[in-house]
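Input: a single structure, listed below in structure tokens.
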Amino acid sequence: MSVLLGLLIALALVLAITQYLKILRVARRLPPGPTPLPVIGTLWQMRFDFSNETLITLAKRHGNVFTLWLGQIPIIILNGFEAVKEGLTAHPENMSGRPTSPFFEKLGKRKGIIFASGNVWKQHRRIGMLGLRFLSQGKSHLEHQIQEEALHLIEIFDSTKGQPMEPSFHIVCAVSNVICALLFGYRFSKENETFRQLIKCAEFILQIGGSIWQIVYDTFPWIMSHLPGRHQRAFACYDFSISFAMKEIRSREKRRTLDDPQNFIDFYLGHMAKSKDDPTSTLDESNLAYSIFDFFIAGSETTSTTLHWAFLYMVAYPDIQAKVQKELDDILGSSSRLISCSDRRNLPYTNAVIHEIQRYANIVLIGGPRQCMKDTTVLGFPIQKGIIVIPNISSALLDPKEWETPECYNPGHFLDQKGNFINREAFIPFSMGQRACLGENLARMELFLLFANLVRRFRFQLPEGVSEVNTKYVKGLTLQPPPQLLCALPR
């Protein structure tokens, strides 16, 4: 028995050494990076922390295109605006794939938009773009819907009478209801238990993604799939959300309004019916359900998190908050009407403040992983087909070559010497290339209308006795502000 055990141990060692030597051979053909260790790759050198700070530190040592190893899987990191831009836009088709990480494959099943590749992704990104464009026709209707949510928030904040409150849930309800109206054709009451559960599920999934639970699951999926833990709860949250989406789809099918679509489900089902005889079509109920949750999680959590950061930074920088309010007062005067999108061109400082919040408090952990679909090069480094590439979006937004004071909150980044608003090429919070955010225009509209209307009505400050704003983020797939009480004082 002891001889057999010794042989098995020796065989395991030989296999491990052989595999490790193979990794070292492959590494010679990849961009430079820390030397991988057996089994865990470069996780030790990364301190098991897949964050922007870690990647920027490694880039200083290995260059702006470098390789990390997640176990036996090589991942190429693009750091800094130059590398990110060339990688995502020089040959955009080459970087249009989505890798099949065990964790995200378990979640998204390669369906819908976010986790899909190939024809499924192409067809669903296209129908997503067409659907948003169709449902945004008569832009005033969508604008009015966002203004309605701004009114709900104003009423809620006003009801606190300046007493301390935690605003995050109210903000996410407002933003989520905008996307729900587009997806389902109606908004939820904040007391609706299903709505609350959907929000909790989205929040939890974003917390687990990018955490140690995801990293360990991706490294040891065959073990983690059988073990309890927060990763299992994330899978259950996704299942709940997809189940809800399927119920909504079945409900809309019974109503048969496909010739006059009132929401995205109607729009998709109409296209699905037209393509039923097309053998290349991937449109079906399952892909629709996953697309719905893709829209929900991307269209609610990201915008609401940005808005939450916006109010925290107004508290942290009261002089900037005062300048925004002065500009709003100067342009709008004593009018009680809600701010509209047409006001934006007359509010350059307010617009700059919102953009700087997106830059400085960038909520994306790093950037959505891509898969190289063809052999290509980035800054002279060859990248082979099939390799996973991660563009570090945060590093572009903090690139000292692109921003005068990258580590400071400075709305002047988006203003010229005359105070006019200016766009910046390195401002890419919505990413770049063929997988750039589908809902960018909607998100921009929401951020402007909700932020400007609320800051016009309220002065945000800390509760009495609290002297410092906590801006240390809580890490997940998005960088969440910590729970914190704020006061909204009517102006």
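The values are calculated or read from the model by the stated rules, or taken from the named source; none is laboratory data. Because the structure is predicted, anything quoted here is derived from the model rather than measured. In this analysis, Cβ positions are derived from the backbone assuming ideal geometry, glycine residues included, and neighbour counts consider all displayed protein chains. To get the accessible areas, we keep the full protein, side chains included, count just its heavy atoms, and leave off ligands, DNA and RNA. Shrake-Rupley method; radii C 1.70, N 1.55, O 1.52, S 1.80 Å.
The numbered conditions (1) of a type outside the set (S, T, N, Q); (2) in a helix (DSSP H, G or I); (3) more than 19 Å from Gly131 (Cβ to Cβ) are all true for Val178 except (3). All conditions in (1) surrounded by 14 or more Cβ atoms within 10 Å (Cβ to Cβ); (2) over 27 Å from the mean Cα position of the chain (by Cα); (3) touching a residue at least 40 places away in the same chain (Cβ under 8 Å) hold for Phe267, with the sole exception of (2).
Take the residues in the stretch 410-431 that are touching a strand residue (DSSP E or B) at 6+ places or on another chain (Cβ under 8 Å) and not hydroxyl-bearing (Ser, Thr, Tyr), then tell me which one is least open to solvent (accessible area, probe 1.4 Å). Per the stated criteria, the residue is Phe414.
Residues that are buried (at least 20 other Cβ atoms within 10 Å of the Cβ) and of a type in the set (Phe, Trp, Tyr) within the stretch 392-409 comprise just one, Trp403. The criterion of being at positive phi, surrounded by fewer than 19 Cβ atoms within 10 Å (Cβ to Cβ) and modelled with pLDDT under 85 holds for Arg47.
Residues are listed down the side, and each one gets a yes or a no for (1) over 20 Å from the mean Cα position of the chain (by Cα); (2) open to solvent by less than 60 Å² (accessible area, probe 1.4 Å); (3) basic (Lys, Arg); (4) at pLDDT 95 or above:
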{"position": "Lys190", "(1), (2), (3), (4)": "yes, no, yes, no"}
{"position": "Ile212", "(1), (2), (3), (4)": "no, no, no, no"}
{"position": "Ile242", "(1), (2), (3), (4)": "no, yes, no, yes"}
{"position": "Arg256", "(1), (2), (3), (4)": "yes, no, yes, no"}
{"position": "Met272", "(1), (2), (3), (4)": "yes, yes, no, no"}
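Just give me the residues in the stretch 68-97 being assigned to a helix (DSSP H, G or I), surrounded by fewer than 23 Cβ atoms within 10 Å (Cβ to Cβ) and not polar (S, T, N, Q), in sequence order. If the condition is that a residue be assigned to a helix (DSSP H, G or I), surrounded by fewer than 23 Cβ atoms within 10 Å (Cβ to Cβ) and not polar (S, T, N, Q), then Glu82, Lys85, Glu86, Ala90, Pro92, Glu93 are the ones that fit. Here Leu206 meets the list (1) buried (at least 20 other Cβ atoms within 10 Å of the Cβ); (2) not in a helix (DSSP H, G or I) almost entirely, failing just condition (2). With respect to the conditions (1) touching an Asp or Glu at 6+ places or on another chain (Cβ under 8 Å); (2) of a type in the set (A, V, I, L, M); (3) open to solvent by less than 20 Å² (accessible area, probe 1.4 Å), Val389 falls short on a single one, namely (1). Among the criteria (1) open to solvent by less than 30 Å² (accessible area, probe 1.4 Å); (2) over 19 Å from Gln147 (Cα atoms), the one Thr471 does not fulfil is (1).
Of all residue pairs spaced 6 or more apart or on separate chains, those with beta-carbon atoms under 6 Å, a first member in the stretch 294-308 that is in contact (Cβ under 8 Å) with a residue 40 or more places away in the chain and assigned to a helix (DSSP H, G or I) and a second member that is charged (D, E, K, R) and surrounded by 24 or more Cβ atoms within 10 Å (Cβ to Cβ) are Thr303/Glu446. For the stretch 219-253, filtering for residues that are in contact (Cβ under 8 Å) with a residue 12 or more places away in the chain and either touching a strand residue (DSSP E or B) at 6+ places or on another chain (Cβ under 9 Å) or of a type in the set (A, V, I, L, M) (or both) leaves 6.
Residues in the stretch 132-139: is at least one modelled with pLDDT under 90, open to solvent by 20 Å² or more (accessible area, probe 1.4 Å), within 20 Å of Cys372 (Cα to Cα) and not in a helix (DSSP H, G or I)? No: the stretch 132-139 contains no residue that is modelled with pLDDT under 90, open to solvent by 20 Å² or more (accessible area, probe 1.4 Å), within 20 Å of Cys372 (Cα to Cα) and not in a helix (DSSP H, G or I).
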